[in-house]
Ligand SMILES: Cc1ncc(COP(=O)(O)O)c(C=O)c1O
């Protein structure tokens, strides 16, 4: 008897009725590649394999104790209720003070709280882009930007940077992609995936173009407190304070306080932009998570808890040293965030036990399947020929993971 499981019928079916109902908008969006890799790695772990998790960008350090305690206290006090759509007034005031202390003056009315930096980014794109408007950003870039811009109706456009130029965005690169539809420039420093940190000179030059072309600037500063050299963190407002009326800063506690699953982010921008983003948030999310907001109040006094940077830096140095031992793997040295982005281009075109490694996607898939090492292919970050490794894992796993990577490379024909 033929049934839905009959191979012939399944092979010929174009789509299921439910798939037919999906909108064109949603079909254009790909799911998060890093979360997909993490899900596969988690499944392999559940099956009892020793998987090395270089996939997701999630610190393995604990959430600071005062933050945990404040969260528990909030639950006990019964504070798990809706808050104002823009977030708790005292938290908005605290974040406004933090921005101001950092040198970017903000009033509480110019700040909103969101359930992670991701929703803040999406709301910003939604608020700033009309259909078809272009948002430009340097490549390599964090993989979610393109999908979020698209989901908000905009058009993502990127321009190249190079390892030789420390992945600093250049004026020539930026000018090369500007059109009369360009509305927003997006900057991310310290950068995911390269770990580069933008210099004041870079940002001064970029600011000139922003003024000339009347762009709005979105800065994703989520790794602000994770710079391992003595160079300073620089936001475009440090070198161009005159741009304050057209800069939107996004930040959050996921990375700085290991609060990835708590979901807490924030945005600072001119009040009309914050009001517009809040209107949307009020309809689609109601309010940011209340328990997390109460816990976040306890994080305000300590933007960069002691010991975290040192611990990550130790692992950064270790992974740099381990990768340097590998044959023809070229690794630009990251100075911020917690990723490393080696080029494996010299090994593409080879085969692994009969499978041709045409690109970094196949490379990282084989590495996961055969050596149980989870990485993310650079293609998703606009940088084919690279793989991204997150080094927020134990030193033993770093050594073992890079050893397995080297083993796979030595087995390529
Ligand atoms: C550059 C960048 N921005 C934003 C985020 C999202 O942070 P959150 O977990 O707070 O949504 C990430 C997470 O990986 C990131 O790498």
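Here, each number is a calculation from the coordinates, and none is a lab measurement. Since we're looking at a predicted model, the values are computed, not measured. Using ideal geometry, Cβ is built from the backbone for each residue, glycine included, and neighbour counts are taken over all protein chains shown.
In this calculation the C-beta distance from residue 68 to residue 311 is compared with R0 = 22 Å, giving a FRET efficiency of 0.75. Using only alpha carbons, the range 65-297 has a radius of gyration to Kirkwood radius ratio (Rg to Rh) of 0.97. Highest mean packing first, where packing is the average number of other Cβ atoms within 10 Å per residue, the peptides 244-255, 19-30, 72-83, 165-176 line up as 244-255, 165-176, 72-83, 19-30.
To the nearest ten degrees, helix 65-76 and the longest principal axis of the Cα atoms of the chain are 70 degrees apart. Where both bridge residues fall in the chain, DSSP classifies roughly 45% of the beta bridges as antiparallel.
Computed from Cα positions, the angle between helix 395-410 and the longest principal axis of the chain comes to roughly 40 degrees.
As a rough footprinting exposure proxy, the listed residues 226, 44 were ranked by other beta carbons within 10 Å of their own, and the order from fewest upward is 44, 226. Which whole-number percent is the relative contact order of the range 251-405 (Cα, under 8 Å, 6+ apart)? Averaging sequence separation for qualifying contacts and normalising by length gives 18 percent for the range 251-405. Site pair residue 403 and residue 271 shows an inter-label distance of 6.1 nm when each label is modelled 7 Å from Cα along Cα→Cβ. On the basis of the beta-carbon distance and an R0 of 22 Å, residue 31 and residue 130 show a calculated FRET efficiency of 0.30. For the chain, the longest principal axis of the Cα atoms and the long axis of helix 200-213 meet at an angle of about 70 degrees. Residues 202, 114, ranked from the fewest to the most other C-beta atoms within 10 Å, line up as 202, 114. Simple spin-label estimate for residue 43 and residue 19 gives 1.7 nm between the two label positions (7 Å along the Cα-to-Cβ direction from each Cα).
For the range 65-297, give the share of DSSP beta bridges that are antiparallel, in percent and rounded to the nearest 5; count only bridges with both residues there. Walk me through the numbers on the way to the answer.
Numbers: 8 of 26 bridges.
Counting DSSP beta bridges with both partners in the range 65-297, the antiparallel share is about 30 percent.
Relative contact order for the range 65-297: 29 percent, from Cα pairs under 8 Å spaced at least 6 residues apart, divided by residue count. Only Cα sites of the chain enter the Debye sum here, all with the same form factor; the resulting log10 I(q)/I(0) across q = 0.07, 0.10, 0.12, 0.14 1/Å is -0.35, -0.72, -1.03, -1.34, listed in q order.
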